[in-house]
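A quick write-up on the structure given underneath.
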Amino acid sequence: MEKVFSGKSRQWFASCHRWPDCKGTLPLDVYGNVTTVEELQPDPDVICPECGKAMIRRDGRFGPFYGCQDYPNCKGITNVEKRIGFTCPKCRQGELTERTSRYGKPFYGCNRYPDCDFAMWSQPLAQPCPNCGGPLKAPRRNARNPMGECAACGHKTPVDAEAPKAVATEYVPRREPAGA
């Protein structure tokens, strides 16, 4: 087996040394080691929205996701969101998630896109706005009087120069509660 880089999916995979005559391929884990299909165990807590079977966690071009264990017969997928703990200041219904632009730059936007198009490029501070509870934009570096500006109401609040940033946590939207 050899490591081969796919230009189409932009991922490494293990392939037979006689490739392309031999079509046998195996996926690689996060450390670059060859895994077998048996090692990819389905997560019983995540249920496929199309067929109801358990799903398997996979890593793709746009980040981690859960795919149906019955692939290619069932093409059900569920994306893993990286939520930062703030509700959307524009629509007040969605959650702010860490996303990646088509050029690879991280940004923070509403998970209800395209219904809500709120986005901010800077990572918000962990401290919410004291006026409305919205996310605070970080002050510019080396500012004499560092002020965090609210992305929702525009209220400026004095903050520490080295204030902690909001940390993203993974969230699976269609995860069934354990024992339910």
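The values are calculated or read from the model by the stated rules, or taken from the named source; none is laboratory data. Keep in mind it's a predicted model, so treat the numbers as computed, not measured. Positions of Cβ are generated from backbone atoms using ideal geometry, with glycine treated the same way; all protein chains shown enter the neighbour counts.
The table below gives the values:
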quantity	calculated
Enumeration of residues in the range 82-101 that are of a type in the set (Lys, Arg) and over 13 Å from the mean Cα position of the chain (by Cα)	Lys90, Arg92
Search result, residues across the range 68-86 that are among the hydroxyl-bearing types (Ser, Thr, Tyr) and free of Cβ contacts under 8 Å to residues at least 24 places away in the same chain	Tyr71
Strands (runs of 3 or more DSSP E) within the range 1-63 that include 2 or more residues more than 25 Å from Thr100 (Cβ to Cβ), over 23 Å from the mean Cα position of the chain (by Cα) and modelled with pLDDT of 70 or more	11-15
The lone exception for Asn73 - which of (1) touching a strand residue (DSSP E or B) at 6+ places or on another chain (Cβ under 8 Å); (2) part of a loop (DSSP other than H, G, I, E, B) it fails	(1)
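Residue by residue, here is whether (1) under 29 Å from Ala163 (Cα atoms); (2) modelled with pLDDT of 90 or more; (3) assigned by TED's automatic domain parsing to the domain that holds Thr157; (4) within 17 Å of the chain's Cα centre (by Cα) holds:
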residue	(1), (2), (3), (4)
Tyr66	no, no, no, yes
Lys75	no, no, no, no
Tyr103	yes, no, yes, yes
Pro106	yes, no, yes, yes
Arg112	yes, no, yes, yes
Pro124	yes, no, yes, yes
